[in-house]
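Notes for the one structure printed next.
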Amino acid sequence: MKQVLVTGGAGFVGSHLTEALLARGDRVTVVDDESTGNAKNLAAALPNERLTYVQGSVGDKQIVRELTANVDEVYHLAAAVGVALIARAPMETIERNIYPTELILSCLRERIQRGETVKCFLASTSEVYGKNPKETWAEEDDLVFGSTTRARWSYGASKAIDEFMGLASHREYGLPVVIGRFFNVVGPRQTGAYGMVLPRFVEAALAGKPLIVHDDGQQTRCFAHVDDVVRAVVTLMETQSAVGRVFNIGSDQPVSILELAQHVIELSASNSTIAYQTYADAYDEDFEDIRRRVPDLTRLRSTIGHVPDHDLDSIIRKVIEFHRHRVS
Ligand SMILES: NC(=O)c1ccc[n+]([C@@H]2O[C@H](COP(=O)([O-])OP(=O)(O)OC[C@H]3O[C@@H](n4cnc5c(N)ncnc54)[C@H](O)[C@@H]3O)[C@@H](O)[C@H]2O)c1
């Protein structure tokens, strides 16, 4: 039986990953400070005696040392997430995203140096590509950030530092690291509180309120169901040839944000209208967005043969269903 640690396991992706690892038969420890997550996300998993929940921060050296001492695998998902949070609190974003990763990797490197075996997954993001103008983004493409005076780039830049540290830990110390760059992951339990677009739209549609589309709504994104993403993560961690490499993980089917809003209204049979808001009003004058964000999934497919189970309509229906139950 594997002993695994999931950081940020009370969060959206982390709670689904925890359930998948428990279903695989693992003994799972979750650490989460509940800054954006909530232990309620683990309600179905908590009665499982193979799950240990620690409310605490991965910025705490003592906690990280203890929790990484005996595990076989670490899935590091804890981070400051969400465009709204990042625009509001760039300092927190940088600290939360860099220091804990450094701490975790240094504890794992020590174990490797003692001749022990431990594997690590780092959750990164499509934001590391910044505003690269290419139609689709492949893992070896350039990272193209805007100025440091624009706070939103601190998220991608801090995650890029995490990736550099992870890859260096692999090259210099032989730590088996797998890095996944998530592209818009959606599904049940995701909150709209930090700017995530699909839960925001669904909550508005169910409440009969206008769906607020930023800018002209022509910016495109690809939405992947969290179960498909979790399956890719778990399979990558079981695949030896994935070690020491970076993978785009997500959907490669683009949809404009305006179309997404229209789909949500239609599938929820809502009377809501669509309203437009400038980025300056939504965030601040300095906010800079990315018009197109589509991953090249060639590497993911050739390494694990990944085929998603969900298309956009089925994802939207599931999110609507989740929010309907939450409201009722
Ligand atoms: N959801 C997406 O679309 C998406 C896209 C790209 C990357 N990611 C990455 O996936 C990971 C999970 O994101 P999510 O969408 O589930 O967000 P989330 O906010 O639901 O999950 C993050 C979790 O980490 C916890 N956390 C934050 N700082 C912590 C700390 N110092 N110590 C302990 N716990 C801490 C939060 O409380 C939360 O439960 C993150 O690393 C994020 O950068 C997510």
So if I take the centroid of the Cα atoms in region 2-32 and the same for region 172-221, what is the distance between those two points in Å?
21 Å
Kirkwood Rh over alpha-carbon pairs of region 150-229, then Stokes-Einstein at 20 °C and 1.002 mPa s: what D in µm² s⁻¹, rounded to an integer?
138 µm²/s
Fully extended, how many nm does the chain gain between residue 3 and residue 117 (0.36 nm per residue separation, minus their Cα-Cα distance)?
39.9 nm
Tell me whether region 230-328 comes out rounded, prolate or oblate; compute the Cα gyration tensor, take square roots of the eigenvalues as a ≥ b ≥ c, and use a/c under 1.5 as the rounded threshold.
oblate
Would you work out if region 273-328 is rounded, prolate or oblate? Take a ≥ b ≥ c from the square roots of the eigenvalues of the alpha-carbon gyration tensor; rounded if a/c is under 1.5, else prolate when a/b is larger than b/c, oblate otherwise.
oblate
Dipole in debye (nearest 20) - the chain, about Cα centre, beta carbon charges: Lys, Arg +1; Asp, Glu -1
560 debye
PRE zone check, label point 7 Å out along Cα-to-Cβ of residue 301, amide N under 14 Å, scope region 225-260, hits 248-254
Under 22 Å Cα-Cα from residue 119, which lysines qualify once same-chain neighbours fewer than 8 residues away are excluded?
2, 61, 159
Check residue 247: other-chain or 5+ apart residues with amide H under 5 Å from its amide H, H built from backbone geometry?
179, 180, 181
Compute the length gained on full extension between residue 266 and residue 289: take 0.36 nm times their separation in residues and subtract their Cα-Cα distance, giving the result in nm to one decimal.
5.6 nm
So for the pair residue 24, residue 39, with labels modelled 7 Å out along Cα→Cβ, what separation do we get in nm?
2.6 nm
Helix 312-327 against the longest principal axis of the chain: what's the angle in degrees, Cα atoms only, rounded to the nearest 10?
90 degrees
Potential extension, residue 326-residue 134 segment - 0.36 nm per residue separation minus Cα distance:
65.2 nm
Candidate lysines - alpha carbon under 28 Å from residue 318, same-chain residues fewer than 8 apart omitted:
40, 209
Measure nothing but the geometry: give the 0 to 90° angle between the long axis through the Cα atoms of 257-267 and the longest principal axis through the Cα atoms of the chain, rounded to 10°.
80 degrees
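Any read-out appearing in this document is the output of simple, stated calculations on the displayed coordinates, not a laboratory observation. The structure displayed is predicted, hence computed values, not measured ones. When we count neighbours, we look across all protein chains shown, and the Cβ atoms used for this are built from the backbone with ideal geometry, even at glycine.
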